[in-house]
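The values are calculated or read from the model by the stated rules, or taken from the named source; none is laboratory data. This one's a predicted model, so the numbers in the text were calculated from it and none came from an experiment. Note that we place each Cβ from the backbone using ideal geometry, even for glycine, and neighbour counts take in every protein chain shown. To get the accessible areas, we keep the full protein, side chains included, count just its heavy atoms, and leave off ligands, DNA and RNA. Shrake-Rupley method; radii C 1.70, N 1.55, O 1.52, S 1.80 Å.
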Amino acid sequence: MTSIDLNADLGEGMGTDDDLLQIVSSASIACGGHAGDAPTIRHILKVCKARGVRAGAHPGYADPKRFGRFRVVMPLDQLLGQIRSQLFLVRFIADEVGVPLAYVKLHGALANQTAEELAFAVGIFATIQAMDPHVAVLALDNSQQVRAAKAVGMPLIREAYADRAYSPDGLLVPRGQPGAVLHDTEMMIERCLRLAKDGEIVATDGSVFKSTARSICLHGDTPGAVDLARDIRDALESDGITIAADAPELPV
């Protein structure tokens, strides 16, 4: 039976967390960088525990005014310190609540930069692995994130996006470009079904590339996020596809 994971970025102040946690199978929790605070993290983790949703950390540039979506030039040690602080916070609360943190997913500009720059991604992932050698990384498939995760020996969950346009090289179209964010519900449902069943994604130029992603991101800050997530889940399940957080690929 075919299965696929649905993940959502939560704890970002959008007011949709509880509703999305009834739909998704994985929750990427903002941990005080671009968004998020201790009470929100604790609440989401408690709901994850009650509903059996896989929990992950969602660190990014500590730049809440710009929601972590702009690259910030700083010494690498300073950036790594920001990431460590965010992971310490969410892990401390997760231990209190009794929920294992299964993965780390980078946010926004930090995610895009690691998707493009292998050496940068290796440095970030090695730091995360040093904190927890068993934690997986939720990584954009076909990107340098996947190569970096393999290089440092991290468990890997490959991810694709329901609501973002793709370039022919398999990377996301930058948000500043027209059409970078999709709004056509039927188009997004068709993408998710094609990915789940055939392992294919259509790029902006009409070309098709292969993807082995088994987790689909549903952005919590997209207008109508809850209805969209519900429609996508309903369409997948109606086609016989199970929504489940499968185990990550283990390092070789």
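Please verify whether the range 164-185 includes one or more residues that are in contact with a helix residue (DSSP H, G or I) (Cβ under 8 Å, 6 or more places away or on another chain), farther than 27 Å from residue 121 by Cα and not basic (Lys, Arg).
yes
Checked against the criteria, residue 107 counts as closer than 26 Å to residue 55 by Cβ and either open to solvent by 60 Å² or more (accessible area, probe 1.4 Å) or out of contact with any Leu (no Cβ under 7 Å at 6 or more places or on another chain) (or both). You will find that of 106, 89, 110, 79, the residue that is free of Cβ contacts under 8 Å to residues at least 60 places away in the same chain, closer than 25 Å to residue 214 by Cβ and part of a helix (DSSP H, G or I) is 110 and no other.
If you filter the range 209-235 down to residues that are modelled with pLDDT of 95 or more and assigned to a strand (DSSP E or B), you find that the one that is surrounded by the most Cβ atoms within 10 Å (Cβ to Cβ) is 216. Scanning the range 146-176 for residues that are in a loop (DSSP other than H, G, I, E, B) and open to solvent by 50 Å² or more (accessible area, probe 1.4 Å) gives 168, 169, 174, 175, 176. Among residues of the range 34-65 being touching a residue at least 12 places away in the same chain (Cβ under 8 Å) and basic (Lys, Arg), the one that is surrounded by the fewest Cβ atoms within 10 Å (Cβ to Cβ) is 51. Once the range 10-29 is narrowed to residues that are aliphatic (A, V, I, L, M) and not in a helix (DSSP H, G or I), the residue that is farthest from residue 224 (Cα to Cα) is 29.
Residues in the range 192-208 that are touching a helix residue (DSSP H, G or I) at 6+ places or on another chain (Cβ under 9 Å) and either at pLDDT below 95 or part of a helix (DSSP H, G or I) (or both): 192, 193, 196.
Here the condition is being of a type outside the set (Gly, Ala, Ser) and farther than 18 Å from residue 11 by Cβ; of 90, 97, 122, it holds for 122 alone. Residues that are part of a strand (DSSP E or B) and either open to solvent by less than 10 Å² (accessible area, probe 1.4 Å) or not hydrophobic (A, V, I, L, M, F, W, C) (or both) within the range 113-140 comprise 136, 137, 138, 139, listed in sequence order. Every condition in (1) of a type outside the set (A, V, I, L, M); (2) more than 26 Å from residue 235 (Cα to Cα); (3) open to solvent by 40 Å² or more (accessible area, probe 1.4 Å) is met by residue 143 except one, and the failing one is (3).
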